[in-house]
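Remarks on the structure that follows.
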Amino acid sequence: MAVEAIRQNKLRSILTLLGISIGVFSVIGVMTAIRTLETSIDSQLDIFGTNTFTVNKWPDIYVGGRGEGKKFRERKNIDYYQFEELKRRVVLPLRVSVIDGEGERNIQYNDKQLKRSAEVTGADEWGLRSFNTFLSAGRNFMEDDIRFFRHVTILGPDVADILFPFEEPLGKQIQIRGLDYTVIGVTERKGQAFGESQDNFLLIPISVYLQRFSNRWTSLRITVEAVSAEMYDKTVDEVIGLMRAIRQVPPEEENDFEISSNEELAETLSGFTGGIKMFAAAVSVIALLVAGIGIMNIMLVSVSERIKEIGIRKAIGANKRDILTQFLMEAIFLSQFGGVVGVILGILGGNLVALILNVPSVIPFDWALYGLLICSMVGIGFGIYPAWRAANLDPIQSLRYD
Amino acid sequence: MSILIKLKGIKRYYDVGGEVVRALDGVDVAIDHNEYISIMGPSGSGKSTLMNMIGCLDSPTAGTYEFEGELVHDMDDNQLASIRNRKIGFVFQTFNLLSKATALRNVEVPLIYANIPRSDRIERAAESLEAVGLGDRMHHKPNELSGGQRQRVAIARALANKPSIVLADEPTGNLDSKSGVEIMKIFDDLHGRGNTIILVTHEEYIAEHADRTIHIFDGKVKEDIANHNNRREPVPT
Ligand SMILES: Nc1ncnc2c1ncn2[C@@H]1O[C@H](COP(=O)(O)OP(=O)(O)OP(=O)(O)O)[C@@H](O)[C@H]1O
Ligand SMILES: [Mg+2]
């Protein structure tokens, strides 16, 4: 019966279904897109390690005018001395490590040369951990590599692929900016995130890096890992206190460095996604409202076209609730039909974002369910009046109607 | 046992553009179980209005209607729907079938409203159709059936919930006389099996099937007489 009603009012039905579909599509699409972003960001964040934070001259993300940028620029750089002081004086952290990197194209092995720049990263023995990767072959840096400025390097798989397509890289000499480095390790492949390879880097000892690659803008990033989640806040406090002392920040002034953690990054991102969610919600509310009015219209027409049928049904024993239920079911069916289309399109659309950003696709089952529930509610909400009209028709008048 | 149907001083007035139409104007009728009654009268005399009243489809402007000893006036919509569904089978002159549904589905509908489970429903609807000789037409839609067949579907539908009363408003009015005879045979059988039959007709030979004929004129009972001729006599065609 419901299908008949739809077939008889094709254009109106299509427009209504479209409205419902758009409404549901915008919710599901945005939710799917956000979900894909969140899952990939989460997996990124996991890599950093949960109890980890960084000390940095610049914030990870900042929004603001020129004044803000100037404020950060005028800060003192974080140099190796500060890092060593911090490392020497802290007691709580599990580890304190340092890292800094710079894009570099001038890297070659025999006649093979990089075509696009790779990130040359100065690191200590914790560098792999900061990169959240593991060795697939070779060894890690040792303290002596750093202390004695050894020209050794650990290659990311992308760099290894280009320089050593057919050869075993370990033990070979490559040239970075014309200087020889011995390959001591190759890391595991991590693949892509947000459309960018995570494997296009090489590590060299931080001491060598500072000697060869630093300039007056170089400011190191210090990574601190607390021993446990419980100790995290205390560790942050200790590090802030020490950094202030080391950098001689007067007591009344605010920190002249940034502490950034995964949590903060996640918070910033959720603020951003929250905005998108609100927008999607607004679009869907409008679309669903329009669709709801469409459903009410179709149902009213359907009721007036079927007055005779309603009369017959009442004459053979249908009570008000039977008729009400029948027409409500039709309204729900209509809206569900549009809803299913919207959910499917939404999931496809949302995953298109996943495809573009090269992150794994997701199917938000919970939101698909909510979407269909919302559709039912729209169907009931806007179908109730026509159904009520049908239920309250007078049986005799309806029977006489042609 | 109380009397089945008891109408006292039933009036039904319509207000048509300020003018009052007295479709029923004080009708007193009592009908007992297993009576076979025909209602006759000129067009516009109020026969259909009376049938709708008896069938609990309409409510009177004045007067009282007792159905099985209970005042219909005191019943709510659901009770009325339930009476129409289970106790009364209504057959209309214009069949009033659901045009898009098959014969089987049409007969099934009252069973749905009686909350009969699906499997039983189909079985009972099929039985009901077989009883009126339409076992081979179950999956036909009304427009694929002849007038007589349609009316038999309507009768099967009216009988689906095994009501004790069958109301038929000019059941043969739209049929040729041969189909009319077939339909009347079904009513005769039903009466023989204990049902109460009330039918409206313009035809003397149809009315003769009944044991009692009520003549309506201008919304009033003009004559209410028992038929003395034997209704089992062959009906002239
Ligand atoms: N809904 C209505 N509104 C106004 N007047 C009505 C309505 N229903 C019936 N009437 C009037 O009531 C009177 C009786 O109508 P009813 O249908 O009962 O006659 P009837 O005896 O069945 O006639 P027929 O033999 O032509 O079917 C008629 O004058 C009719 O015009
Ligand atoms: Mg009539």
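In summary, B:Tyr14 fulfils each of the numbered conditions (1) touching a residue at least 60 places away in the same chain (Cβ under 8 Å); (2) open to solvent by less than 70 Å² (accessible area, probe 1.4 Å); (3) within 16 Å of ligand 1 (Cβ to nearest atom) with the single exception of condition (1). One residue stands out among those in the stretch B:19-32 that are open to solvent by 70 Å² or more (accessible area, probe 1.4 Å) and of a type outside the set (A, V, I, L, M): the one that is nearest to ligand 1 (Cβ to nearest atom), which is B:Arg22.
Taking the listed residues A:Gln397, A:Gln326, A:Gln336, the one that is more than 14 Å from every other protein chain (Cβ to nearest Cβ), assigned to a helix (DSSP H, G or I) and not hydrophobic (A, V, I, L, M, F, W, C) is A:Gln336, with no other qualifying. Residues that are touching a residue at least 40 places away in the same chain (Cβ under 8 Å) and basic (Lys, Arg) occur in the stretch A:240-250; there is at least one. For the stretch B:169-218, the tally of residues that are among the aliphatic types (A, V, I, L, M), within 16 Å of ligand 2 (Cβ to nearest atom) and within 13 Å of the chain's Cα centre (by Cα) stands at 3.
Restricting the stretch A:170-197 to residues that are touching a residue at least 40 places away in the same chain (Cβ under 8 Å) and not in a strand (DSSP E or B) leaves a set whose member that is surrounded by the most Cβ atoms within 10 Å (Cβ to Cβ) is A:Lys190.
Sub-7 Å Cβ pairs linking a first residue in the stretch B:52-64 that is within 12 Å of another protein chain (Cβ to nearest Cβ) to a second residue that is in a strand (DSSP E or B) and open to solvent by 20 Å² or more (accessible area, probe 1.4 Å), at least 6 apart or interchain, are B:Met53/B:Arg12; B:Asp58/B:Arg12, ordered by first then second residue.
The set of residues from the stretch B:1-53 being farther than 11 Å from B:Val221 by Cα, of a type outside the set (Val, Ile, Thr) and either within 16 Å of ligand 2 (Cβ to nearest atom) or assigned to a helix (DSSP H, G or I) (or both) comprises B:Arg12, B:Tyr14, B:Arg22, B:Ala23, B:Ser38, B:Pro42, B:Ser43, B:Gly44, B:Ser48, B:Met51, B:Asn52, B:Met53. In the set (1) away from every other protein chain (no Cβ under 13 Å); (2) closer than 30 Å to B:Val21 by Cβ; (3) in a loop (DSSP other than H, G, I, E, B), the condition left unmet by B:Leu97 is number (1).
Considering only residues that are farther than 12 Å from B:Val153 by Cα and more than 8 Å from every other protein chain (Cβ to nearest Cβ), which ones fall in the stretch B:100-111? Once the filter is applied, which keeps residues that are farther than 12 Å from B:Val153 by Cα and more than 8 Å from every other protein chain (Cβ to nearest Cβ), the stretch B:100-111 yields only B:Leu111.
Hey, among the residues in the stretch B:33-49 that are closer than 19 Å to B:His209 by Cβ and open to solvent by less than 40 Å² (accessible area, probe 1.4 Å), which one's nearest to ligand 1 (Cβ to nearest atom)? Residue satisfying both the conditions and the ranking: B:Lys47. Residues considered: A:Ala287, A:Ala315. Of these, the only one that is hydrophobic (A, V, I, L, M, F, W, C) and in contact with a strand residue (DSSP E or B) (Cβ under 7 Å, 6 or more places away or on another chain) is A:Ala315.
A single member of B:Val181, B:Val132 is in contact with a Lys or Arg (Cβ under 9 Å, 6 or more places away or on another chain), under 30 Å from B:Ser43 (Cβ atoms) and either away from ligand 1 (no atom under 16 Å from the Cβ) or not charged (D, E, K, R) (or both), and it is B:Val132.
The values are calculated or read from the model by the stated rules, or taken from the named source; none is laboratory data. This is a predicted model, so every value here is computed, not measured. Here Cβ is always computed from backbone atoms with ideal geometry, including for glycine, and neighbour counts include all displayed protein chains. When the accessible area is computed, the model is the full protein with side chains, heavy atoms only, and any ligands, DNA or RNA have been set aside. Shrake-Rupley method; radii C 1.70, N 1.55, O 1.52, S 1.80 Å.
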